[in-house]
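> First the structure, then my questions, so here it is.
The values are calculated or read from the model by the stated rules, or taken from the named source; none is laboratory data. What you are looking at is a predicted structure, and each value in this text was computed from that prediction instead of being measured. Neighbour counts run over all protein chains shown; Cβ positions are idealised from the backbone, glycine included. Heavy atoms of the whole protein, side chains included, go into the accessibility calculation; ligands, DNA and RNA do not. Shrake-Rupley method; radii C 1.70, N 1.55, O 1.52, S 1.80 Å.
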Amino acid sequence: MKALKAGVVVAAVGMLLAGCGSEWEGDAHFKVLRIVPDPRGERPTQVGVELTEELKGEFAPGRSTYGAALDQFPPDIKVDDQVVCKIRRWDDNGFDGIDPRVEVSSCRWA
């Protein structure tokens with residue numbers, strides 16, 4: 001009987017910890033702030049973007065600027081262009097004290 005109770009406790013803790021990760025995905029409007037090539041040419045050119053809308057609910061990013069590789073944007077992108085991008089926020093472990101990760105991808109003209 002003790003083994004059964006211990007098994008139930010272990011299963012409950014496992015389900016609790018698995019439920020602590022969270023994920024949100026959706027589209028958001030951005031303005032292109034800067035396009036930054038890597039001076040050494042070792043990394044892809046990065047594009048800095050800023051949210052132009054307030055995201056509510058689960059997302060709550062806590063910041064407004066992000067970056068993504070140039071290949072995630074339409075050709076001929078320029079500073080001050082408006083784009084709509086897929087934004088994904090996830091946190092593998094809500095107890096580790098590390099901020100959730102955010103990925104900006106699949107951008108298209110707004």
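> Would you mind telling me which numbered condition in (1) open to solvent by 30 Å² or more (accessible area, probe 1.4 Å); (2) at pLDDT below 95; (3) in a loop (DSSP other than H, G, I, E, B) PHE59 fails?
Status for PHE59: all satisfied but (1).
> In addition: Only residues in segment 87-101 that are at negative phi count as the first member; pair them with residues that are at pLDDT 80 or above and aromatic (Phe, Trp, Tyr), Cβ under 7 angstrom, at least 6 apart or cross-chain, and list the lot.
ARG89/TRP24; PRO100/TRP90; ARG101/TRP90
> Could you run through segment 62-80 and say how many residues are part of a loop (DSSP other than H, G, I, E, B) and either of a type in the set (S, T, N, Q) or at pLDDT 90 or above (or both)?
So the answer is 9.
> Output yes when any residue across segment 96-110 is touching a helix residue (DSSP H, G or I) at 6+ places or on another chain (Cβ under 9 Å) and among the small types (Gly, Ala, Ser), and no when none is.
The answer is yes; a qualifying residue exists.
> Further question on the same structure: Go through segment 81-97 and count every residue that is open to solvent by less than 30 Å² (accessible area, probe 1.4 Å) and modelled with pLDDT of 90 or more.
5
> Can you work out which of the residues in segment 38-56 that are touching a strand residue (DSSP E or B) at 6+ places or on another chain (Cβ under 8 Å) and assigned to a loop (DSSP other than H, G, I, E, B) is modelled with the lowest pLDDT?
In this case the residue turns out to be LEU55.
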